[in-house]
Structures are given as structure tokens and as C-alpha cells.
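See structure below.
The values are calculated or read from the model by the stated rules, or taken from the named source; none is laboratory data. This is a predicted model, so every value here is computed, not measured. Note: ideal-geometry Cβ built from the backbone for every residue, glycine included; neighbour counts use all protein chains shown. These accessible areas exclude ligands, DNA and RNA; they are computed on the full protein's heavy atoms, side chains included. Shrake-Rupley method; radii C 1.70, N 1.55, O 1.52, S 1.80 Å.
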Amino acid sequence: MRWVHALFVGLPIAIACRLLHAPDWCVFVGAVTSLVPLAHWIGEGSEQLAARAGPSLGGLLTATFANAAELIITILALSRGLVDLVKASITGSIIANTLLTMGASALVGGLRHGWQKFPLKPTGRHAAMMILAVAALVVPASFAHMQSSVRAREEVSIGVSILLLLTYAASIYYAHVWVVREDRERADRPRRARRARPLGPTVGLLAGSVLGATAAGELVVESVQGFSRSAGLSESFIGLILIPLVGNAAEQFAAIRFAADNRIDLSFSIAANSSTQIALFVAPVLVLVSLFYTPMDLVLPSIQLVTLLASSAIFAYLSLDGETNWFEGVQLLALYLIAATAFFFLS
């Protein structure tokens, strides 16, 4: 993963391009590239803090910072009224984790080790949370078909968002305080085995990475419309495919690496946890934050809802038997590419 650090050079390049009034595509590509190492460093810093804080507070810290880079970008996008881009990034992050991350992990792990087994109980818990999260996003859309009032849609979205945040808080409490089961300890053992760095450098790494992600996110949001026009890509495709790929790159590589090491259970955990964090934490936070800018509801376009339902259903189905192979990875990747193809031609 050392090559990831080199991508940080994209941020000074993007800043230079902005100061020199270079084309928007130059700013966008540089800023987006720099988000890969920045997201990785935020994850590293939060894990180090978690190792010092213990399982309860540490779990909350890790979960909160896991999608910090993407949360920063979407909040900045909301401040500029890019609501459709924000909604697209929510959907894109969920399907990127459930289909792309898990599909690539199952493919790589299956080709290397054949059948890979994982514990049913924690994986089933993750699958149930995913179904709940996607169902919560379907309800506002169903309500919108029966109620045309924009105000009513916003009120329902606010209510659903508060309930999702409460559910997310309950899941954090359950996983890190209420019970620490054998399967949870097995999944966390590699993380706890790492020695914690001194507090000062850890806080400095985390703070610097967040500031860097904020600067990069601002450049991304400033240049996204110009990049969209010059590249011939819709803002929906950028939000659905490009931004989630970059924002979750570090986690995606980690999941694939775990699968290659025959630890597919950790790959499942990364994919499912990231997806549920987006739906149960990031999405409702964005709805509440949008009240200070342009109010955003949770009503997603039909094609995005269909993709979300399909991805959660196939993810849950493949987790039922406690084992996976390379062909199941191909199936997940095929669905992701089908969705990407449809999004590419969607104006």
C-alpha cells in the first residue's frame, strides 16, 4: 500500500491548477486522486485512536471516521446546492461496497484458495442491517408516490433520518458494549494486535488528514460541473461511480488483501459495515445538515432504488451458506458493471 501515499501529490497539483486557472478536469483529477491516501490516513488515525480508547469508544471513533472523506465532500456539495450529486454518491457508495468490494474480494480469494468460509452469525447480522438500511431508503420514495407535497417529503425524510441515527447508535452499542462475542473478537484480533502510536502523532495525522480531505473536497466540488461537461459524463455518474470508488479505495484494497490472505470474514465485515454506515449514519446526517443549506430528502430515483434492492438481496443471499467462491464474486461484479453501464448512459 506504499504506492497509495504517492497519490497525495495530486493535492498540490490540483491547487496549482486552480491558481493557474487550468481546466477543471485538471483540478478535479488531482483532487480526487489525493483523496485516496487521505482517506487511508484518516482510517489509520482513527484505528490508532480506537486502539487507545478501548472497544466501546474505539468502535464509535472508527465508525465515525470511516467515511469521513466522503462525508466532507457531500457536505461541501450540499453547501453548493448539488443535491442530486449527493444522493447519487449515497447510492454509489452502498453498491460499491456490496457489489464491487465484496465481488472483487470473493473473486481474488476464490481464485487463490477455492472455497472460503466465514462465520454465519456476524455475517447474518451484517446482512440484516443492510436490508434494514436499504428498506429505510425505499420508504421515503414510496411515500413520495402517494404524497406530492415537497414539505411532507422533507418532514418524512427528517423523521426517518432521526430513527436511522438512533438505530445506528444502538448497533454501535450492541457491537462494542453490550456483548463481545467470540466471532467479534476473531474479526477484531488483527486490529487489536497492532501497537498504538503515541497520542500526539496520531492526533496530528488525523487532524492533518481531515484538513487535507476538506481542501481536496472543496476543489472536487468546485470543479465537478466543469469536469462533467468536458468529460461528457453526467453528474449522476460521477456521484454514483467515480466519487465512491475514490472515497472507498483504501477499504476496498484492504478487503481484497484480507480475502487473498484467506480471511474473507474480514472482507465481508468491511463491505457490510461501510454500506450500513453510509445508509444509517452518513445519509441521515446529510439530510439534517442540508437544513442549513438546500433541504435534501431521502427520495431516490427509481433506478437507484432498484440497484440498491438488488445489491442488498444478492449480498444477503450469498451470505446464507457461510462460504463463497470466485464465481459468486463474478456474479457480484457483473451486477455492479451492469449498474455502472446503465448509470453511464443516464443523463
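Step through the residues of region 230-243 one at a time and calculate ³J(HN,Hα) from phi using the Karplus curve (6.51 cos²θ - 1.76 cosθ + 1.60, θ = phi - 60°), rounding each to whole Hz and writing x for Gly and Pro.
My calculation for region 230-243 gives 6, 8, x, 10, 6, 4, 5, 5, 4, x, 7, 10, 5, 4 Hz in order.
Can you tally the net charge around Val83? Count Lys and Arg as +1, Asp and Glu as -1, for every other residue whose Cβ sits under 11 Å from the Cβ of Val83.
With Lys, Arg at +1 and Asp, Glu at -1, the net is -1.
Subtracting the Cα-Cα distance from 0.36 nm times the residue separation, let me have the gained length for Ser148 to His113 in nm, one decimal.
7.3 nm
Let me check against my output: what whole-number percent is the relative contact order of the chain, with C-alpha pairs under 8 Å and at least 6 apart?
Averaging sequence separation for qualifying contacts and normalising by length gives 39 percent for the chain.
Find the relative contact order for region 198-299 and round it to a whole percent, using C-alpha pairs within less than 8 Å whose residues are 6+ positions apart.
10
With unit charges on the beta carbon (Lys/Arg positive, Asp/Glu negative), name the residue among Leu320, Val220, Leu242 whose Cα is farthest towards the positive pole of the charge dipole of region 204-347.
So the residue we want is Val220.
Taking all protein chains together and a probe of 1.4 Å, list Phe237, Phe292 from the most accessible to the least accessible.
Phe292, Phe237
State to the nearest 20 debye the size of the charge dipole of the chain about its Cα centre, where the only charges are +1 on K and R beta carbons and -1 on D and E beta carbons.
760
Under 5 Å between amide hydrogens, which residues at least 5 positions from Glu323 or on another chain qualify, with H placed 1.01 Å from N in the peptide plane?
Those qualifying (amide H under 5 Å, at least 5 residues apart or on another chain) are Phe118.
Which log10 I(q)/I(0) values does the chain give at q = 0.07, 0.11 Å⁻¹ under the Debye formula, counting every alpha carbon as one identical point scatterer?
Per q value, in the given order, log10 I(q)/I(0) is -0.27, -0.71.
In deg cm²/dmol and to the nearest 500, what is the mean residue ellipticity at 222 nm of the chain if only DSSP H runs of at least 4 residues count, each as -39500 (n - 2.57), divided by the residue total?
Calculated mean residue ellipticity at 222 nm is -25000 deg cm²/dmol.
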